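Chemist: Below is a structure I'd like to ask you about.
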Amino acid sequence: MRTNATSARTKINVQIPVETRERLLEAALLEGKTASMLVRESIGEKIAQINRRILEEKMKAAYQGLAEENLRVSEEFKYSDAENLG
């Protein structure tokens, strides 16, 4: 995620509970960042987490499909392998 000063930016309004805002401001102060910076980082991290999960699900499905294909191929050659041994 690009976070430099030349990045195009847009504003959004988000409603959060007062307690969450207070905790956000405290956390930002502790981190030496603005609340906006902390929110941007958090959103970026959440999006990256979602993208990783989606990629892992796609990879899992692909590996399962490949495993099924490998089983089919090994079944097809099971008898021809036995013929070559004899």
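The values are calculated or read from the model by the stated rules, or taken from the named source; none is laboratory data. Everything quoted here is computed from the prediction, not taken from an experiment.
Chemist: So which of Glu19, Glu83, Glu68 is part of a helix (DSSP H, G or I) and at pLDDT 95 or above? Quick ask: steps written out before the conclusion?
Modeler: Numbers: Glu83 fails: at pLDDT 95 or above; Glu68 fails: at pLDDT 95 or above.
Of the residues listed, the single one that is part of a helix (DSSP H, G or I) and at pLDDT 95 or above is Glu19.
Chemist: Has the range 29-37 got any residue that is within 23 Å of the chain's Cα centre (by Cα) and at pLDDT 95 or above? Explain how you work it out, then say what you get.
Modeler: First, the residues of the range 29-37 that are within 23 Å of the chain's Cα centre (by Cα): 36-37.
Now restrict to residues that are at pLDDT 95 or above: 36-37.
Scanning the range 29-37 turns up at least one residue that is within 23 Å of the chain's Cα centre (by Cα) and at pLDDT 95 or above.
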